[in-house]
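Asker: Take a look at the following structure, please.
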Amino acid sequence: MARERSFSEPEVLERAADVFSTHGYGATSVAMLCEATGLGKQSLYNAFGDKQALYLKSLDCAAGRFGAAVAGMQAAPSGRAALQHFFDGLVAVCASVEPALRSCIVTTGLLESVDDPSLRMSLQAKWQATHELLRAAVERGQKDGSVRNPAPSAELADLLMSFMSGLRVTARVDATPARLQRTADLAMALLDHS
């Protein structure tokens, strides 16, 4: 008879996602994952599979953290308000004292050029999902008049995605909330150019 698990899988995935976000896939050791989750190597493997399987589940876990942000964007009264909600949330996490919040598992994974095709495909899919979220908000704003920049919505989403990644890097150098907010405000101002 199998023993009942004495840990919460969602909590373990949250901790693993934090480690992968902070250190990246390549630099994260199984020992680091064991320390962060409080599980032994065999328990970790029995519950989640190998490091690659745990990383894929951690990607999904990290993406799930944005459920409230997506809901907030959808509830916003305009496209611009949806984008403002997104970037206000980004500034808040980038200004956090927690390294895992200042980091993004997807950005970190893409920057380290993960070689495994299934990992790369999952990272690219998560990146594209965020791009689509921003593109749809830009297009919504262009239709409701809250975004006056007439550039194609996909191109503006590219710009916002680049800004998002850059803000995370800036936060590693200087996570002063006021500085991050000023930078976010300048990015939002680009949506006003006609």
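Asker: Somewhere in region 143-165, is a residue crowded, with 16+ Cβ neighbours inside 10 Å, under 23 Å from residue 71 (Cα atoms), touching a residue at least 40 places away in the same chain (Cβ under 8 Å) and more than 16 Å from the chain's Cα centre (by Cα)?
Answerer: For region 143-165, residues crowded, with 16+ Cβ neighbours inside 10 Å, under 23 Å from residue 71 (Cα atoms), touching a residue at least 40 places away in the same chain (Cβ under 8 Å) and more than 16 Å from the chain's Cα centre (by Cα): present.
Asker: Confirm whether residue 102 is among the basic types (Lys, Arg), surrounded by fewer than 16 Cβ atoms within 10 Å (Cβ to Cβ), within 21 Å of residue 62 (Cα to Cα) and modelled with pLDDT under 95.
Answerer: Here the answer is no, as residue 102 does not meet what is asked.
One line per residue, one yes/no per condition, for (1) outside any helix (DSSP H, G or I); (2) under 20 Å from residue 21 (Cβ atoms); (3) of a type in the set (A, V, I, L, M):
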| residue | (1), (2), (3) |
| --- | --- |
| 92 | no, yes, yes |
| 107 | no, yes, no |
| 114 | yes, yes, yes |
| 141 | no, no, no |
| 147 | yes, no, yes |
| 183 | no, no, no |
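Asker: I've got another one for you. Can you find even one residue in region 117-139 that is in contact (Cβ under 8 Å) with a residue 40 or more places away in the chain, outside any helix (DSSP H, G or I) and surrounded by fewer than 19 Cβ atoms within 10 Å (Cβ to Cβ)?
Answerer: No.
The values are calculated or read from the model by the stated rules, or taken from the named source; none is laboratory data. Every value quoted in this text rests on a predicted model; they were computed, and no experiment measured them. Quick reminder, even Gly has a Cβ in these numbers, built from the backbone with ideal geometry, and neighbours come from all protein chains shown.
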